[in-house]
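Before any comments, here is the structure.
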Amino acid sequence: MLNKLYKRILQEWGRPDVVNLRSSLQGYEVLSLCAQEDLPLFFMEHSSYVLTEPADSPMLTRLRAVMEQADVCACVSSAVRRVMQPIKETRVIPDCLDDRRFYPVEVKRDEGEADAFVFRSMGQLRPIKGFDILIKAFALLVRRTDRPVRLDIAGVGGLRDALQELIDDSGVGESCRLLGAIPRDRVPYFMNGCDCFVCSSRTETLSCVLNEAAACGKPLISTRCGGPEDIVSGHNGLLVPPEDPEALAGAMLVMLDKAAAYDGEKIREATLERFGVDAVCGRLLEACADAVRIHGERKSGN
């Protein structure tokens, strides 16, 4: 399939200057293509298996094989770099935030919800996202405050029925909702409609949704699960241990009183400075140019 696609690229666009591989999951195929066509390879890892698989797993064996042949190696966060750097020099280039889509806008809330403090989260409904921990934390929060609070979780996946059962069994069915898929053009409004955005993941290589919420000026709560540690700090939110409903509930309780004190404009400004289009695209172009140069030096024996 890859060879067929490459032939189509040659016909429609001509020979590429460089190949950018975004995950070693397709690594062996791309290594074969690059060797066959003598193409420079800029490899950039973002898959969470890098943080979850044991060192002797086939996946990390493939990662090492790709890194050894790549002209430039990069990844999306410091957490992933800690795994990759011992194998070969690795630079951090985060996923790019579309700041033209995600920015602060006023969102009118449904009648009866105007006074509620709204927490929101988004992701696939699968174990790695830790929504079971988030729901348990929210149930603890409801029992510890008299303020009206809501939790909205957007996303689809195989755990929907189990998560809905957990919501019902926890007694928070009236204030916790599984919203399903949010249309792409409505995601910025979903982010802007909350008072605080929460990431409860067990593992994340970065977390684009945290950056999208921050670009909307929202304070954040996240587990220390890898990538979010590059995003969340004292100026924009709170970090808690993963797999800990008590700690997460405590952070949510703190945020009820502290959210209004965060400066939304400064949160957005700091986010764009590190993750915006201008900040990231220049580093991507530089990595591509470096891959071409290094490949040429390898061929010439320099």
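The values are calculated or read from the model by the stated rules, or taken from the named source; none is laboratory data. Because the structure is predicted, anything quoted here is derived from the model rather than measured. Note: ideal-geometry Cβ built from the backbone for every residue, glycine included; neighbour counts use all protein chains shown. Ligands, DNA and RNA are excluded from the accessible area calculation, which covers all protein heavy atoms including side chains. Shrake-Rupley method; radii C 1.70, N 1.55, O 1.52, S 1.80 Å.
Observations
- Residues that are in contact with a Cys (Cβ under 6 Å, 6 or more places away or on another chain) number at least 1 in the following helices (runs of 4 or more DSSP H) confined to the stretch 1-97: 58-69, 78-84.
- Against the criterion of being modelled with pLDDT under 95, open to solvent by 40 Å² or more (accessible area, probe 1.4 Å) and small (Gly, Ala, Ser), ALA55 qualifies.
- Restricting the stretch 182-197 to residues that are in contact (Cβ under 8 Å) with a residue 12 or more places away in the chain and out of contact with any strand residue (DSSP E or B) (no Cβ under 7 Å at 6 or more places or on another chain), the residue that is surrounded by the most Cβ atoms within 10 Å (Cβ to Cβ) is PRO188.
- Taking the stretch 16-31 as the range and being free of Cβ contacts under 8 Å to residues at least 24 places away in the same chain and of a type outside the set (A, V, I, L, M, F, W, C) as the test, only PRO16 passes.
- When ILE128, ILE135, ILE93 are checked against the criterion of being open to solvent by less than 20 Å² (accessible area, probe 1.4 Å), under 18 Å from LEU159 (Cβ atoms) and among the β-branched types (Val, Ile, Thr), ILE135 stands alone in meeting it.
- Of all the criteria given as (1) within 16 Å of the chain's Cα centre (by Cα); (2) surrounded by fewer than 18 Cβ atoms within 10 Å (Cβ to Cβ); (3) under 25 Å from SER170 (Cα atoms), the one not satisfied by ARG274 is (3).
- Boolean, GLY158 is over 25 Å from ASN211 (Cα atoms) and surrounded by fewer than 19 Cβ atoms within 10 Å (Cβ to Cβ): yes
- Filter pass, VAL156 being modelled with pLDDT of 95 or more, among the β-branched types (Val, Ile, Thr) and farther than 30 Å from ARG82 by Cβ: yes
- Hits in the stretch 187-243 - residues which are assigned to a strand (DSSP E or B) and within 13 Å of ALA270 (Cα to Cα): GLY237
- Hey, ASN236 in contact (Cβ under 8 Å) with a residue 12 or more places away in the chain, touching a helix residue (DSSP H, G or I) at 6+ places or on another chain (Cβ under 8 Å) and under 30 Å from VAL19 (Cβ atoms) or not: no
- Qualifying position, being under 26 Å from the mean Cα position of the chain (by Cα) and exposed (fewer than 11 other Cβ atoms within 10 Å of the Cβ), among ALA291, ALA279, ALA287, ALA261: ALA261
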